[in-house]
1. Out of all the residues in segment 66-103, which are in contact with an Asp or Glu (Cβ under 6 Å, 6 or more places away or on another chain) and of a type in the set (Gly, Ala, Ser)?
2. Take the residues of segment 95-125 that are in contact with a Gly (Cβ under 9 Å, 6 or more places away or on another chain) and part of a strand (DSSP E or B): which is nearest to the ligand (Cβ to nearest atom)?
3. For ARG270, state whether it is among the charged types (D, E, K, R) and at pLDDT below 95.
4. Identify all residues within segment 278-296 that are touching a helix residue (DSSP H, G or I) at 6+ places or on another chain (Cβ under 7 Å) and within 13 Å of the ligand (Cβ to nearest atom); write none if there are none.
5. If only one of ALA123, ALA95 is of a type in the set (Gly, Ala, Ser) and closer than 28 Å to GLU161 by Cβ, which one is it?
6. If we scan segment 18-41, do we find a residue that is in a strand (DSSP E or B) and either crowded, with 19+ Cβ neighbours inside 10 Å or in contact with a His (Cβ under 7 Å, 6 or more places away or on another chain) (or both)?
7. Here are ARG319, ARG270: which of them is more than 16 Å from the ligand (Cβ to nearest atom), within 26 Å of THR101 (Cα to Cα) and basic (Lys, Arg)?
8. How many residues does segment 70-90 hold that are within 15 Å of the ligand (Cβ to nearest atom) and either outside any loop (DSSP other than H, G, I, E, B) or in contact with a Leu (Cβ under 9 Å, 6 or more places away or on another chain) (or both)?
Amino acid sequence: ATPTTISLLGRTYPTDGWTNITPSITAHLSQNLHLQPSHPISITRSLIESRFPSPTYTHHNHLSPIVTTAQNFDSLGFPSDHPGRARSDTYYINAGHVLRTHTSAHQLDLFKANHAPGFLVSADVYRRDAIDRSHYPVFHQMEGARGWDLAKTSVAEINDETEYLASLTASLQVEDLHPPFHEQTNPLQPQHSSEAAAAVAAHLKRSLESVVLALFTSAPNPDADADADSPSSSSSSSSSSTPAPPLKVRWVEAYFPFTSPSWELEVFWRGSWLELLGCGIVQHPILTAANLPSSHISWAFGVGLERIAMVLFGIPDIRLFWSTDDRFTAQFIQGEVTRFIEFSKFPGTLRDIAFWLPGGVEDGEDTGGANSGAGGPAVHENDIMEIIRNVGGDLVEDVLLKDQFTHPKTKRASRCYRVHYRSLERTLTSEEVNAKHAELEKALKEALGVEIR
Ligand code: PHE
């Protein structure tokens, strides 16, 4: 039976029907990769932080990952039926407390504290998700915000600062096809004048462009690395004969419940567009809830650190960030972006697991969704992933849905997943993999009531 209380980070919480956190998740709670010196996540954080200096921006790197549903969702205007609130997507400690799913959970509190014109938060965030080389249930984000009281600062003063920021990014190629706001899909807020909103949007965009330029021009050129084997090549990565083409970014319209207008920023990197961050002009009601004057206006952004660090350092698997193997940890130097040198890749093993979901499926019911259908409890795919993570931990590289069908007579739903076992640090023995896989079958039977086929 589940215990009725749970102790996390020195506090005790009652558990209830919403509780879905597991020991494999809580084990990550105080690891703080963003603060570990010479860790790629921390190096990436520092690089971004240096673009938002104090005293204009206060830096918050130690905020607790346990927040209320009010902080994570309500304060930001998430509707009560927003999918992000589902137990299948979010780690609940109980009905009122979650592991933050994003650093935006701290916006209201930091606007309230109003220490400085702007703030920056770096933190671990938690989401239930698929298992593959770019998804891990714990990752890191940075949130930034900058505000002005238009009763005290003129739009011209904002524009002056923006002009300075633009001078830093002259070499960047920027594609920005849409006007800063328009009624259909990216509206101006009723409390804002178009001049002020355009000025704040431009300040936001130029600020983030300067971050991207700084980050991506600090990345070592992998082709120069490849040349390093030839005896004649110089060891300096910047001595590559062809100059790097100009860096390209583009602004794409987006939607977030807590900003309007909203955008995503993408960078063109090695032949494809890579989504980097979300941002926008903060919804005015959040600022008034923070007791700021109605003449206040602010932008905010949120950026994921793993995705950027994977690209900058050339790290191929997100699990590596959690490795304590010194062949990983000893490679990095605080303040420097260096190319990750892969230690030999150890062989992987594929094992299929096929099972019947509990209950049958009623006639005519769609079987393609994540639920098992009528008769049994609904099984969300993330529930299956969670059990695989609990048993397999970081030995599971990815999990693929290989096959699913419904038996024509019994109407039972069958699933087959292919689990890819691979250690980043050693060769797994087949006994070890067999034992893990047997443990996984048992756990799926016990937790979800599936019948192994
Ligand atoms: N919190 C959003 C996310 O995690 C990102 C975001 C932050 C968007 C701030 C707008 C403003 O996707």
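The values are calculated or read from the model by the stated rules, or taken from the named source; none is laboratory data. Fair warning: this is a prediction, and the values are worked out from it, not measured in the lab. Cβ atoms come from the backbone with ideal geometry, glycine included; neighbour counts cover every protein chain shown.
1. Matches in segment 66-103: ALA95 only.
2. VAL125
3. Answer is yes for this residue.
4. CYS279, ILE281, ILE286
5. After ruling out the rest, the residue left standing is ALA123.
6. No: zero hits.
7. ARG319
8. 9
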